[in-house]
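The values are calculated or read from the model by the stated rules, or taken from the named source; none is laboratory data. Note that this is a predicted model, so its numbers are computed, not measured. All Cβ positions, even for glycine, are placed from backbone atoms using ideal geometry, and neighbour counts span all protein chains on display. For the accessible areas, the whole protein counts, side chains as well, though only heavy atoms, and no ligand, DNA or RNA atoms are used. Shrake-Rupley method; radii C 1.70, N 1.55, O 1.52, S 1.80 Å.
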Amino acid sequence: VVAVISHRGRAALLRRFSSAARAPPVIDLSPLRDGGLSSSSPLVREVADACEQWGFFQVVNHGVDEDLCARAEEQQRAFFALPMEVKECMRRSADNSRGWYNDELTKQRRDWKEGLDFGSTPPMDWSLADADARNGTLDGYNRFPPADLLPSFRPTMLEYYDALAGVATGLARLFSLGLGMPAD
């Protein structure tokens, strides 16, 4: 088998193999918070290169408060430490894919993990009750543990969700600029 690789293809191949010996890129997102990004911004190029050469990257200085991250982790640990019968009341179902689960399969084998899926709701009004009809989406509504069991869980996780959504929005702008498209 003979393969002919163009000069451009050879350069991309060499970049990919030479970067395989290094660690994945770690990208400082602090310039994202400063605003004023353009397609010529070094951060845009850095993200585009990481996506092109690696397909992923790690971010630092993303702007999510460290205390919030610690509180979110604490609440997640508390949730997964709840008795199984409590979590069963929040189980995902055929008509609501949001909630707790422990029965996902990989290659027809059960995974040894638990998860809790939740997400944004159409009105983005977190003050509404989770089962409020206005919160319904195509994939259901959020199911959180009762406030009497974990009073800080829902407010902490929603605050964390909003903070991460802000990071995701910033990353989407970077991806768009890296593709030569408008940021918004």
Rule-of-thumb Rg ratio for the chain [Cα; 2.2 N^0.38 Å; N residues]: 1.32
With a Förster distance of 30 angstrom and the Cβ-Cβ distance between Met124 and Phe56, calculated FRET efficiency to the nearest 0.05 equals 0.60
Under a 10 Å cutoff between Cα atoms, tell me which one of Phe57, Phe144, Phe153 has the largest fluctuation in the Gaussian network model of the chain. Phe57
For the chain, give the share of DSSP beta bridges that are antiparallel, in percent and rounded to the nearest 5; count only bridges with both residues there. 65 percent
With a ≥ b ≥ c taken as the square roots of the eigenvalues of the C-alpha gyration tensor of segment 135-176, please select rounded if a/c is under 1.5 and otherwise prolate if a/b is larger than b/c or oblate if it is not? oblate
Cα-based convex hull, segment 51-128, per residue volume (Å³, whole number): 207 Å³
Stretchable slack from Ala133 to Asp34, in nm (0.36 nm times residue separation minus alpha-carbon distance): 31.8 nm
Average silhouette area of segment 97-184, convex hull of alpha-carbon atoms, in square nanometres: 8.3 nm²
Considering Cα pairs under 8 angstrom that are at least six residues apart, work out the relative contact order of segment 36-184 and quote it in whole percent. 28 percent
Share of the chain's accessible area from carbon and sulfur, percent, 1.4 Å? 56 percent
Accessible solvent surface per residue of the chain, calculated while the other protein chains remain in place, 1.4 angstrom probe, Å²: 65 Å²
Run the helix sum for the chain: -39,500 (n - 2.57) per DSSP H stretch of 4+ residues, divided by residue count, reported at 222 nm to the nearest 500 deg cm²/dmol. -13000 deg cm²/dmol
